[in-house]
Amino acid sequence: MSPLAVTPKKSLGQHFLHDKRILARIADAAGLDKGKGVLEIGPGLGALTQELARRAGKVVAIEIDGRVIPELERMFADQPHVTIIQGDAMKLDWVRLAREAFSDQPFALCANLPYYITSPLIMGALEGGAPVSPVVVLVQREVAQRMAAKPGSPDYGLLSVAAQRYAKVETLFRVPPGCFTPPPKVDSAVVRLVRRPDAPGREETAAFFTVARAAFAMRRKTLENNLMAGLSLPREAVSAAIHQAGIAPGVRAETLSGQQFEALASVFFPSGGCLSAPGPWHRKQEERG
């Protein structure tokens, strides 16, 4: 399918990647072989799908744009290990997908993601209860930097804490605008997330993210002030909890490690699963940029 065969839709955030060298590097980063399956979100014109099909034992590609489905089906008609599905990846039931498409075996996720769904889709994959690893995605460079940022750096925030709670995050390489049709107005980067062996289950996340969301509510405020407002607690209680968690007074949230957020959550919510709050990207969030 030629890049000119379909006019990219701005409403879908479509920027078709056409650089063959970059496409091969993305597929290689997923560590695929004939014994492993891969899920692709947004195959578009099928360029990355072709690279994945050469490496993986099974490819499931989910595409929301019905205009490209017939051509994708023709393109892979002679490759029975490739399945094209029209659907909205934001509505995926990850557990059902793992069971029906991959027989509950670990599978990779590879995608050139529209910028506006980057955070919710990645967090949905990590939090969704399916054995997804690695996650190799092409995203806005700023988002890649935020996911991989370390405590104390300017890019460190709630997205950093959330992604690193589940996975080891690594920014692999930059992708300039000229590699896409049409070229985006920003640089992109490929990021790889490898699930941590001790990654928590969904039932363990509520207290953690209740505290983390409150802590990052206002970056210029101290941790104590943000927690007071976000958890509706008096200063004395918050100050005592911070001290009990072994955290110095007067700090800001962007200086804390994931382990320190765990410690705070265990102090504020010692019963762990007492909350029913969802993870931070199960609600609509706006991407910066």
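Given the criteria assigned to a helix (DSSP H, G or I) and open to solvent by less than 50 Å² (accessible area, probe 1.4 Å), does Ala207 qualify?
Working: assigned to a helix (DSSP H, G or I): yes; open to solvent by less than 50 Å² (accessible area, probe 1.4 Å): yes.
For Ala207, the condition - assigned to a helix (DSSP H, G or I) and open to solvent by less than 50 Å² (accessible area, probe 1.4 Å) - is met.
To keep it simple, each residue is scored yes or no on (1) among the aliphatic types (A, V, I, L, M); (2) assigned to a helix (DSSP H, G or I); (3) farther than 13 Å from Arg165 by Cβ; (4) at pLDDT 50 or above.
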residue	(1), (2), (3), (4)
Gly250	no, no, yes, yes
Glu254	no, yes, yes, yes
Ala263	yes, yes, yes, yes
Ser271	no, no, yes, yes
Ser276	no, no, yes, no
Gly279	no, no, no, no
Arg283	no, no, yes, no
Arg288	no, no, yes, no
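Any residue that is within 21 Å of Ala125 (Cβ to Cβ) and outside any loop (DSSP other than H, G, I, E, B) - is there at least one of those in segment 63-74? Checking segment 63-74: at least one residue is within 21 Å of Ala125 (Cβ to Cβ) and outside any loop (DSSP other than H, G, I, E, B).
Taking each residue of segment 164-176 that is on the phi < 0 side of the Ramachandran plot and aromatic (Phe, Trp, Tyr) and looking for partners that are open to solvent by 60 Å² or more (accessible area, probe 1.4 Å) and assigned to a loop (DSSP other than H, G, I, E, B) with beta-carbon atoms closer than 8 Å, six or more apart or interchain, yields Tyr166/Arg196.
The set of residues in segment 75-89 being more than 23 Å from the chain's Cα centre (by Cα) and either among the aromatic types (Phe, Trp, Tyr) or in a helix (DSSP H, G or I) (or both) consists of Met75, Phe76. Pro177 - would you say it is open to solvent by 50 Å² or more (accessible area, probe 1.4 Å), in contact with a Pro (Cβ under 9 Å, 6 or more places away or on another chain) and closer than 28 Å to His18 by Cα? Against the criterion (open to solvent by 50 Å² or more (accessible area, probe 1.4 Å), in contact with a Pro (Cβ under 9 Å, 6 or more places away or on another chain) and closer than 28 Å to His18 by Cα), Pro177 does not qualify.
The values are calculated or read from the model by the stated rules, or taken from the named source; none is laboratory data. This one's a predicted model, so the numbers in the text were calculated from it and none came from an experiment. When we count neighbours, we look across all protein chains shown, and the Cβ atoms used for this are built from the backbone with ideal geometry, even at glycine. Ligands, DNA and RNA are stripped out before the accessible areas are found, and what is left, the full protein with its side chains, is counted by its heavy atoms. Shrake-Rupley method; radii C 1.70, N 1.55, O 1.52, S 1.80 Å.
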